[in-house]
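Here the structure is laid out as structure tokens; the discussion comes afterwards.
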Amino acid sequence: MDSATASKKQRLAAWLAVHQPASIGEAEWDSLLRELAPISESYLRELLRRTGLPFEQPWAGVRQKTFEELEASLEELRRVYAESLAAGLKDRARSCRRVVIAAKDHARFAARNPRTSAAVRDRKEEMVEWMLVWLGDPELFPDWVRARKRVMPLLQ
């Protein structure tokens, strides 16, 4: 396949056919970023999600269709962030923060979109708060979210 004329989706499909990864981790992520360059991390993540392959964090990013997905994603990222710091893997810890910041910005953008319904706007604003708490202190997040769900039962 001529990589100069092939789309990113086609190039990804070709890479997957050759490498046949069981999941997406750091090595696969880095290889794909190089192979499909230039490509944004968010677009690569979107394309990879469509394949159904499992992801490791932080490359899986933050899922925020529901509060349950958001909580699970942030908890996984909290665990990876703490393990990365303990192991001295500063780049991986920064990646955790970077994906949460990008997800927060995405949610904030959705909340400010004038075409967004009031219900979606409220949900996205609440999700922004969750990510801001995570960014402020990832270790505090699990306790905070439990308390938050007690005072806002609609989040469950």
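The values are calculated or read from the model by the stated rules, or taken from the named source; none is laboratory data. This is a predicted model, so every value here is computed, not measured. Quick reminder, even Gly has a Cβ in these numbers, built from the backbone with ideal geometry, and neighbours come from all protein chains shown. With ligands, DNA and RNA removed, areas are computed over all heavy atoms of the protein, side chains included. Shrake-Rupley method; radii C 1.70, N 1.55, O 1.52, S 1.80 Å.
Based on protein heavy atoms only, the chain ends up with 58 Å² per residue of surface accessible to a 1.4 Å probe.
For the chain, carbon and sulfur atoms together expose 53% of the accessible surface, with a 1.4 angstrom probe and every protein chain in place. Computed about its Cα centre, the charge dipole of region 1-73 is approximately 320 debye, with only Lys, Arg, Asp and Glu carrying charge at their Cβ. Helix 26-35 and the longest principal axis of the Cα set of the chain meet at an angle near 60°. Think of region 1-150 as a dipole: +1 on every Lys or Arg Cβ, -1 on every Asp or Glu Cβ, centred on the Cα centre; then among Val80, Met127, Ala147, Met127 lies furthest on the positive end. Think of each Lys and Arg Cβ as +1 and each Asp and Glu Cβ as -1; about the Cα centre, that makes the dipole of the chain roughly 540 debye.
Per-residue ellipticity at 222 nm, computed for the chain from helices alone with -39500 (n - 2.57) per DSSP H run of at least four residues, works out to -22500 deg cm²/dmol. Each of Thr5, Leu47, Val18 was placed along the dipole of region 1-88 (beta-carbon charges, centred on the mean Cα), and the one lying farthest toward the positive end is Thr5. For the chain, the longest principal axis of the alpha carbon atoms and the long axis of helix 118-136 meet at an angle near 80°. The overall shape of region 77-141, judged from the alpha-carbon gyration tensor, is prolate: a/c is not under 1.5, and a/b is greater than b/c. Among the listed values (i) 16.6, 59; (ii) 14.4, 43; (iii) 17.2, 56, the one computed from these coordinates for Rg and Dmax of the Cα atoms in Å is (iii).
The angle between the Cα long axis of helix 8-19 and the longest principal axis of the Cα atoms of the chain comes to about 70 degrees, rounded to the nearest 10. With a ≥ b ≥ c the root eigenvalues of the C-alpha gyration tensor of region 19-103, is it rounded (a/c under 1.5), prolate (a/b larger than b/c) or oblate? Note, shape of region 19-103 comes out oblate.
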